[in-house]
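Have a look at the structure below before the remarks.
The values are calculated or read from the model by the stated rules, or taken from the named source; none is laboratory data. Predicted, not measured: the structure shown is a model, and the values here were computed from it. When we count neighbours, we look across all protein chains shown, and the Cβ atoms used for this are built from the backbone with ideal geometry, even at glycine. Just so you know, the surface numbers come from the protein's heavy atoms only, side chains and all, with ligands and any DNA or RNA stripped out. Shrake-Rupley method; radii C 1.70, N 1.55, O 1.52, S 1.80 Å.
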Amino acid sequence: MAATAVVVLLAGRGGDHRAPALEVTSAQLTEGGEMAAAYVTVENRGGPDRLVGAATPAADRVTLHETVEEGGLLWMQEVDGLDVPAGGVLVLEPGVAHLMLEELPRPLRAGQQVPITLRFERSGPIAVEAAVVAGVPAGDGLSDGGDGG
């Protein structure tokens, strides 16, 4: 499914470093009944920032998780934030990190578009539309709310 990318640039708020200039280049969700995972890619053309939370009307609660390896086992651990390096990229992808949408009032189905507001420590909120996909997301899933084609 092809999608049109929405570009969101936001100047940061004060600080000792260059202000972050964030662009969300991808946002996808897995199908889900009670829970779903969201994966995003955030490019930063400025100073450091940190993803500290998210919200969506599609879930009562959204938490951040990253993959941790311990004793040869991989498991997901809730974290209070994920760094967006200066001049770098934050990639939330399967096996690395994700946003967990919990307590969904209605199941998410492939083909839907879901609004998500990402909250950054320095840049503040950035709103995106995430495409719901069947299975594990791959490629650019950011949509402008159009027909996805």
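Some observations on this one:
- Selection count where residues are within 14 Å of the chain's Cα centre (by Cα) and either closer than 12 Å to residue 118 by Cα or assigned to a loop (DSSP other than H, G, I, E, B) (or both), scope segment 60-78: 3
- Filtered residues of segment 63-74 (kept if within 12 Å of residue 98 (Cα to Cα) and open to solvent by 30 Å² or more (accessible area, probe 1.4 Å)): 66, 67
- Every residue from segment 91-103 that is surrounded by fewer than 18 Cβ atoms within 10 Å (Cβ to Cβ), of a type outside the set (Val, Ile, Thr) and assigned to a loop (DSSP other than H, G, I, E, B): 93, 94, 95, 103
- Counting residues in segment 79-90 that are within 16 Å of residue 29 (Cβ to Cβ) and either in a loop (DSSP other than H, G, I, E, B) or open to solvent by 80 Å² or more (accessible area, probe 1.4 Å) (or both) gives zero.
- Each residue in segment 104-129 was checked for being within 15 Å of residue 35 (Cα to Cα) and part of a strand (DSSP E or B), and 3 of them qualify.
- Of residues in segment 45-62 being basic (Lys, Arg) and closer than 20 Å to residue 25 by Cα, the one least open to solvent (accessible area, probe 1.4 Å): 50
- Test for residue 42: is it part of a strand (DSSP E or B), out of contact with any Pro (no Cβ under 7 Å at 6 or more places or on another chain), open to solvent by less than 50 Å² (accessible area, probe 1.4 Å) and at pLDDT 95 or above: yes
- Within segment 116-149, considering residues that are at pLDDT 95 or above and exposed (fewer than 14 other Cβ atoms within 10 Å of the Cβ), the one nearest to the chain's Cα centre (by Cα): 127
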